[in-house]
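Chemist: Encoded as structure tokens, here's the structure I'll be asking about.
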Amino acid sequence: MSPLPYTPVVRAGPWLIVSGQVGLRGGALVPGGVRAEAEQALTNLAALLAGNGAAMGDVVKTTVFMTDIADFADMNEVYASAFGNHFPARSAVAVAALPMGACFEVEAWAYRPEPLAG
């Protein structure tokens with residue numbers, strides 16, 4: 001259980017809402033700046049989705065937070081690689097700071113209807 005007062009992913013009917021993910025691996029921020037952090041954060045997002053019966057292809061909306069909008073092109077390249085030919089709606093905003101000194105964070109909404117009872 002997380003010591004922080006939030007849940008990493010919540011199901012609300014057919015929706016999975018994933019809290020903001022930063023580039024943490026083994027409890028520490030990965031080194032390497034926005035590209036490395038974005039890759040790890042998106043890997044973390046995919047793992048949370050998979051643990052709840054969904055995949056990146058089920059994501060319909062993301063919000064990306066960066067501490068430097070000048071990193072947009074690098075972030076966008078990593079983001080495109082993570083989603084492939086699937087393009088969810090996205091907002092990208094620059095913020096003054098992120099948790100743990102991160103330079104990238106992503107949150108997502110995925111649509112994954114529960115199987116019908118048969």
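Chemist: Select the strands (runs of 3 or more DSSP E) contained entirely in the range 45-118, then report the ones holding at least 2 residues which are in contact (Cβ under 8 Å) with a residue 12 or more places away in the chain, among the acidic types (Asp, Glu) and within 17 Å of Val22 (Cβ to Cβ).
Modeler: Numbers: elements: 59-66, 89-94, 104-111.
Those strands (runs of 3 or more DSSP E) span 104-111.
Chemist: In this structure, does Val34 turn out to be touching a strand residue (DSSP E or B) at 6+ places or on another chain (Cβ under 6 Å), assigned to a helix (DSSP H, G or I) and of a type outside the set (D, E, K, R)? Please lay out each step first, then the result.
Modeler: Working: touching a strand residue (DSSP E or B) at 6+ places or on another chain (Cβ under 6 Å): yes; assigned to a helix (DSSP H, G or I): yes; of a type outside the set (D, E, K, R): yes.
So Val34 passes the test.
Chemist: Next up: Say we look at the range 1-40 and pick out the residues that are surrounded by fewer than 17 Cβ atoms within 10 Å (Cβ to Cβ) and of a type in the set (Val, Ile, Thr); which of these is modelled with the highest pLDDT?
Modeler: That would be Ile17.
Chemist: Related question: Filter the range 99-116 for residues that are more than 14 Å from the chain's Cα centre (by Cα) and surrounded by 14 or more Cβ atoms within 10 Å (Cβ to Cβ) and give the result.
Modeler: Tyr111, Arg112
The values are calculated or read from the model by the stated rules, or taken from the named source; none is laboratory data. Given the structure is predicted, the values throughout are model-derived calculations rather than measurements. Cβ coordinates were reconstructed from backbone atoms using ideal geometry, including for glycine residues, and neighbour counts include every protein chain displayed.
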